[in-house]
Amino acid sequence: MSLRTVAFALIVSTLAASPAVPRSRPVWSASWAASPAPPLASAPGLPAAAMARAFNNQTVSQIVRLSVGGDELRLRLTNEYGRNPLKIGAAHIALVDPTGRVIGGTDRIVTFGGRGEVVIPPGAPWVSDAVKLPVPARARLRISLFFPEDTGLCTCHAIGGQTATVSPPGDFSGKDFSPVATFIARAFISEVDVGGPRARPVIVAFGDSITDGYLSSVDQDQRWPDRLAERLAADPRYAGHGVVNAGIGGNRILADGAIALFGQSAVARFDRDVLSVPGVSTIIMLEGVNDIGQARATPIDAETLIEGYRQIIVRAHAKGIRIIGGTILPYEGAAYYRPQGDLVRTAVNRWILGSGEFDGTIDFDAAMRDPSRPKRLRAELQSGDWLHPNDAGYRAMGDAIRLAMLH
């Protein structure tokens, strides 16, 4: 054997023995979320556009507003309350402008394990493959899903706050179409993550309909977490922070919702909707008014409600996550207001502000109450039901947060 042959053989054997250098994996951070809840086809007093619905041989297009940007994306779909397997026949994403028009060159096919379709088992979420698409902070992303078979009632998030469109029969993913129906729930989507070379701190807003932005203007991103995301993106000191919304309308801390779409209790859904969020570093918790106000056999007392908060706090701290407590807004004039309930609210707020058990506090109550009638919201900041803020009220809530406490 020649010397040249021996040298070549040694080189080949050395290369074969050397481990392949793996491609650098992105660090994922959540940029948008909507907590799923059990389906409900109708409910007295609630808008039909927010109710769960089924699709068959149709494409559904939904626009979400991202908080933080990244180099690539992935979707988290949900069939967590579905009774049957959910088939996705095709999926596309694209960036859109404020009018909803697709920005040229941004349409991408979404795959799942390298395939363009997937079947999601009942009771499960499903994460897509990474999609190369650089996105800026506060980008608008259109998600189009084609459902070739009957989906059954969707695993939905009722208060989507954004108009979704339903196609005529057929696969219109990645295409414009004239909708045959519209609705404002979030159907089968629960999270969008962005990937990059480093971790991004993510703030999770955890609460009920006031966090979810009920009665804010549709298609305008006027919830208080939206205002917080806007402020963070505009400030160079905090521009890398993500904000995701884990509010569910009607939600309670210690009991499941009075109706299905109000979701499981905060203590039951906390692991899924908060602790599993990629990159979560801080939680802002604003919840409790429904525990106080909604009818129950024995009205709740402050001590019982505070124990619910403590359960959330200890579980957050066990994961090294900071948690900030928001005081409960005044609600005199709301349909379920009771003077005794307001005494509970006041006692809980005193504990939130003075106990030191949270890592920080936001006095939403002080920002929103009428100085001359402190049990009520300021008239110009409420939506008409004396429970939920209007757009100006949600903006005032977002402005009441000191950004320094989030860093």
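The values are calculated or read from the model by the stated rules, or taken from the named source; none is laboratory data. In this text, all values refer to a predicted model and were calculated from it rather than measured experimentally. Cβ sites come from the backbone with ideal geometry, for glycine too, and all protein chains shown count toward neighbours.
Residues that are among the small types (Gly, Ala, Ser) and at pLDDT 95 or above within region 218-239 comprise 229, 233, 234, listed in sequence order. Of all residue pairs spaced 6 or more apart or on separate chains, those with beta-carbon atoms under 8 Å, a first member in region 123-152 that is in a strand (DSSP E or B) and a second member that is of a type in the set (Phe, Trp, Tyr) and buried (at least 20 other Cβ atoms within 10 Å of the Cβ) are 141/32; 144/172; 145/188; 146/172; 147/55. Considering only residues of region 105-120 that are surrounded by fewer than 16 Cβ atoms within 10 Å (Cβ to Cβ) and touching a strand residue (DSSP E or B) at 6+ places or on another chain (Cβ under 7 Å), which is nearest to residue 81 (Cα to Cα)? Applying the filter and picking the extreme gives 119.
What residue, among those in region 179-199 that are part of a loop (DSSP other than H, G, I, E, B) and β-branched (Val, Ile, Thr), is surrounded by the fewest Cβ atoms within 10 Å (Cβ to Cβ)?
To start, the set of residues in region 179-199 that are part of a loop (DSSP other than H, G, I, E, B) comprises 179-180, 184-185, 188, 197-199.
Next cut, β-branched (Val, Ile, Thr) only: 180, 184.
On the way: 180: 11, 184: 18.
Step by step, filter region 179-199, then rank; the result is 180.
Does region 200-213 contain any residue that is more than 16 Å from the chain's Cα centre (by Cα) and either more than 29 Å from residue 252 (Cα to Cα) or buried (at least 22 other Cβ atoms within 10 Å of the Cβ) (or both)? Within region 200-213, one or more residues are more than 16 Å from the chain's Cα centre (by Cα) and either more than 29 Å from residue 252 (Cα to Cα) or buried (at least 22 other Cβ atoms within 10 Å of the Cβ) (or both). Residues in region 318-342 that are hydrophobic (A, V, I, L, M, F, W, C), over 19 Å from residue 383 (Cβ atoms) and in contact (Cβ under 8 Å) with a residue 40 or more places away in the chain: 3 in all.
The residues listed here are 176, 219; of these, the one that is at negative phi and assigned to a loop (DSSP other than H, G, I, E, B) is 176. Residues that are in contact with a helix residue (DSSP H, G or I) (Cβ under 8 Å, 6 or more places away or on another chain) and crowded, with 19+ Cβ neighbours inside 10 Å were ranked within region 124-156; the one that is farthest from residue 113 (Cα to Cα) is 137. Taken residue by residue, region 88-97 has at least one member that is assigned by TED's automatic domain parsing to the domain that holds residue 41, farther than 22 Å from residue 36 by Cβ, buried (at least 17 other Cβ atoms within 10 Å of the Cβ) and touching a residue at least 60 places away in the same chain (Cβ under 8 Å). Might you check whether a residue that is acidic (Asp, Glu) and surrounded by fewer than 19 Cβ atoms within 10 Å (Cβ to Cβ) occurs anywhere in region 285-295? No, because not a single residue in region 285-295 is acidic (Asp, Glu) and surrounded by fewer than 19 Cβ atoms within 10 Å (Cβ to Cβ). Going residue by residue through region 329-340, is there one that turns out to be assigned to a helix (DSSP H, G or I), at pLDDT 95 or above, within 27 Å of the chain's Cα centre (by Cα) and within 22 Å of residue 283 (Cα to Cα)? No - not one qualifying residue is present in region 329-340.
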